[in-house]
1. Can you compute the charge dipole magnitude of the stretch 18-131 about its Cα centre, using +1 on each Lys and Arg Cβ and -1 on each Asp and Glu Cβ, nothing else charged? Give it in debye, rounded to the nearest 20.
2. Under a plain spin-label model, where a point goes 7 Å from the Cα along Cα-to-Cβ, how far apart in nm are E64 and F100?
3. Where does the charge balance sit around F100 when Lys and Arg score +1, Asp and Glu -1, over other residues with C-beta under 9 Å from its C-beta?
4. So, in nm, how far is label R35 from label N127 when the simple model puts each one 7 Å beyond its Cα toward the Cβ?
5. Suppose R0 equals 41 Å; then what is the FRET efficiency for T81 and C47 from their Cβ-Cβ distance, rounded to the nearest 0.05?
6. Excluding residues on the same chain fewer than 8 positions from K66, give the aspartates and glutamates whose Cα lies under 19 Å from its Cα.
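Values in this text are rule-based calculations from the coordinates and carry no lab data. All of these numbers come straight from a predicted model, not from anything done at the bench. In this analysis, Cβ positions are derived from the backbone assuming ideal geometry, glycine residues included, and neighbour counts consider all displayed protein chains.
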Amino acid sequence: MGRGSHGRHWISEDGGLYLSYQFLINGICRQSPLRRLLDVVVRELSCFKLDVRIKQPNDLLLEERKFMGVIAHQECIAGDTYLTLSVGLNVSQKDLPPQFTSLNQYTNVEPIVIEQLIDKCIIEIYNSMGAF
């Protein structure tokens, strides 16, 4: 079980990718890492000719159906400031409510492609740490 926005909960079903990544940021965020993450995913999925749209502030849609959500949480621990980005990505689920979808309903994405996508996202956000 995970935590969504507005205190909602979700269950991690088989066929999805779920992760959290924590950054030590110590300072004020000048650039939204959440938005940067969404932009990277949209750019990387463009090779599949998918019509991906960002629904502000933290979701990605395919044909107006949610397939990815990101939540950001900032906290101070022992004087250090940390930002945690948590991602839920529907990859191959089939029996979803009508407002949700998964990538494999639109394209045959291999698991390694998803791993590479997440790696690129983390690397891009980490490389942009100068913007924090």
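1. Details: 11 positive and 13 negative charges, 57 e Å.
The dipole magnitude comes to about 280 debye.
2. Here the modelled spin labels are 2.0 nm apart.
3. Details: positive: R65, K66; negative: none.
Local charge sum for F100: +2.
4. Here the answer is 2.0 nm between the modelled labels.
5. Details: r = 35 Å, r/R0 = 0.86.
For R0 = 41 Å, the calculated efficiency reads 0.70.
6. K66 reaches E13, D14, D39, E44, D51, D95.
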